[in-house]
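Everything on this sheet refers to the single structure shown next.
Computed from the coordinates by the stated procedures, all read-outs in this text should not be read as laboratory data. Fair warning: this is a prediction, and the values are worked out from it, not measured in the lab. Here Cβ is always computed from backbone atoms with ideal geometry, including for glycine, and neighbour counts include all displayed protein chains.
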């Protein structure tokens with residue numbers, strides 16, 4: 001598929017897809033006319049990249065992690081190094097802390113909303 005179709009199917013801009021290539025996160029074949037061509041596996045790869053960015057990982061960590069993940073094409077995956085596993089465990093701990101913070105914040109907002117929505121006695 002061409003870059004426009006990959007962008008449409010993955011919900012990611014063409015500019016982002018080009019950036020992913022420069023960062024080594026995505027690869028394409030080139031047509032005789034120089035146009036980028038991607039296999040079906042690329043949609044799954046882009047979705048994974050987006051999820052990892054959303055989790056707060058940077059492109060360097062994602063580039064180290066992606067070869068350890070099996071793409072939809074079933075291609076071989078590498079074994080993660082001990083260092084990478086340690087880095088990912090630290091990222092998971094960071095994400096868990098963020099989830100806990102957001103859960104507390106949501107609880108505070110729920111209290112404020114409940115208080116604001118409660119009927120008030122007349123004259124107050």
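Neighbouring Cβ atoms within 10 Å as the yardstick, rank 48, 27 fewest first. Please report the intermediate quantities before stating the final value.
On the way: 48 17, 27 13.
If I rank by nearby Cβ atoms, fewest first, I get 27, 48.
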Report the paramagnetic label zone for residue 63: residues of the stretch 1-32 whose backbone N is under 19 Å from a point 7 Å from Cα along the Cα-to-Cβ axis.
15-29
Using just the helices of the chain, give the 222 nm mean residue ellipticity in deg cm²/dmol: DSSP H runs with n ≥ 4 each add -39,500 (n - 2.57), and the total is spread over all residues, rounded to 500.
-19500 deg cm²/dmol
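So how much slack lies between residue 103 and residue 51, counting 0.36 nm per residue of separation and subtracting their Cα-Cα distance, in nm?
Working: separation 52, 0.36 × 52 = 18.72 nm, distance 2.02 nm.
This chain segment gains 16.7 nm when fully extended.
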Taking max minus min of the Cα coordinates of the chain on each principal axis, largest first, gives extents in Å of 79, 37, 23
Send over the Kirkwood Rh of the stretch 81-124, from the inverse of the averaged 1/r over different Cα pairs, rounded to one decimal Å.
13.4
By average Cβ neighbour count within 10 Å, what is the ranking of 108-119, 2-13 from highest down?
2-13, 108-119
List the relative contact order of the chain as a percent without decimals, with contacts defined as Cα pairs under 8 Å and 6+ residues apart.
18
